[in-house]
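Structure first, commentary second.
The values are calculated or read from the model by the stated rules, or taken from the named source; none is laboratory data. Because the structure is predicted, anything quoted here is derived from the model rather than measured. Glycine also receives a Cβ, built like all others from the backbone with ideal geometry; neighbour counts cover every protein chain displayed.
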Amino acid sequence: MARFSVDKEDDYAGPSNNPWSKKQRTTTTFTRSPPAPAPAPAPAPAPAQEQPHHRPSLEPQLVEDYDDDDEEVESEYEDEEEDEQVDGESENDEEEDGESEYDNEEDGEEDEEDGDEEEEEDQNEVGHPSNGVARNDDRERNSVSVILTDPDVLDCPICFDHLSIPVYQCENGHLVCSSCCSKLGSKCPSCAWPIYYHRCRGIEKVIESVKISCQNMEYGCKETVSYSKKRDHEGMCIYAPCLCPLPDCQYVGSSKPLSMHVSNSHPNSVSQFWYNCLFHIYLEKHQKYLILQEQSEGIIFILNNWIEPFGNVVNVSCIVPSSSNTGFSYDLIATNEDSSVRLQSLTECIHERAKHPPLKKFLVVPSDFVSAAGQLKLRLCIWRYHVFPHI
């Protein structure tokens, strides 16, 4: 019966140089688990004892079998190590790919965050001068339309003017504007209770928030102003309506459309002239007006004539909104055979033909200046922008 030890690394062929013991190799073969790190080389074993000579034929057989097992185990272990290395490399590649994708995602998120921050900065710089424009846009989007069934509710009950900040109230809640409050001596005209300059903050907030369209919207104005500034704007609005000066015409429009209307509808009822050019006019004594139109701009002027006991009162006015920055000056001369009278003045801006004699800036033409044919002989020159020539 052959005997051998599995905890020694010697066999009949001599000491083995393999660092793994047969027990460990046998365990590795059955469990197929990754081997532990290679231990340090064991000290050289003692020389193998000679085995009995009555089994010489079996010992080489056993040695060859173990060598084959060792080769198989080593080859399997090498294959497993190669597989593990390949698997580890693939896992490392996957981890690297995942890390690169994660890094790309982080870079993308950082780029998006940078883009968002840049957009916010651009919005703060461009769209928000002191955050005003965007806030105003938000307010406009969040605004609510309100219909006042009684438009006079925001007017002063004393002077009937639009209420403006500050607004005062008495102890009973009667409202009054600041102008009337100072005129009434801080005494409520409705209940005679003192006002003591008590502010009505609620109405002031409403007045500050209410926006209203200009009443000249139908004539082209697109402005929307606060309720307290409505009257100021309408007094300066360039779209204020003007009436056609012809007595039988009901046309109403702003100054530019009015000029086109007169040119197209009443070409035979106006006299054409040029700026800065002196021209002659023969006006009937009882003729109340003469319509003039400048040829380059189409502005409408009116030569007014009123008959008074002492003579004729004559002046020149211009049909444009009173808020218009356009100013005109004129030189008007009336002559007869041996004398003349003269007026240099500024035109009055009106929105319709005057119905009453002027109180200032007019020329009085004596009655003896009327010719035998019943006409006034006049010379007129109109300049732009309040410029008087040196005559």
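Which one is farthest from TRP383 (Cα to Cα) among residues in region 308-359 that are among the hydrophobic types (A, V, I, L, M, F, W, C) and exposed (fewer than 14 other Cβ atoms within 10 Å of the Cβ)? Only one residue tops the list, namely PHE310. Within region 206-237, the residues that satisfy the criterion of being over 25 Å from the mean Cα position of the chain (by Cα) and in contact (Cβ under 8 Å) with a residue 60 or more places away in the chain are ARG231, GLY235, MET236. In region 195-227, which residue that is among the charged types (D, E, K, R) and in a strand (DSSP E or B) is nearest to HIS162 (Cα to Cα)? Looking at residues that are among the charged types (D, E, K, R) and in a strand (DSSP E or B), I get LYS211.
Inside region 245-294, can you point out the residues that are polar (S, T, N, Q) and within 29 Å of GLN215 (Cβ to Cβ)? Selection gives GLN250, SER254, SER255, SER259, SER263, ASN264, SER265, GLN293. Restrict the check to region 242-252 and report whether at least one residue is in the same structural domain as VAL365 (by TED's automatic domain parsing), surrounded by fewer than 17 Cβ atoms within 10 Å (Cβ to Cβ) and within 37 Å of the chain's Cα centre (by Cα). So far as region 242-252 goes, yes, one or more of its residues are in the same structural domain as VAL365 (by TED's automatic domain parsing), surrounded by fewer than 17 Cβ atoms within 10 Å (Cβ to Cβ) and within 37 Å of the chain's Cα centre (by Cα). Restricting ASP150, ASP155 to residues that are in contact with a strand residue (DSSP E or B) (Cβ under 7 Å, 6 or more places away or on another chain) and acidic (Asp, Glu) narrows the list to ASP155. Scanning region 214-265 for residues that are closer than 20 Å to SER145 by Cβ and of a type in the set (Ser, Thr, Tyr) yields THR224, SER226, TYR227, SER228. Listed by first and then second residue, the pairs with beta-carbon distance under 7 Å, at least 6 apart or on different chains, first residue in region 275-289 and closer than 21 Å to SER329 by Cα and assigned by TED's automatic domain parsing to the domain that holds ASN312, second acidic (Asp, Glu) and surrounded by 13 or more Cβ atoms within 10 Å (Cβ to Cβ), are TYR275/GLU294. For region 163-177, which positions are surrounded by fewer than 18 Cβ atoms within 10 Å (Cβ to Cβ) and under 14 Å from ILE207 (Cα atoms)? Result: ILE165, PRO166.
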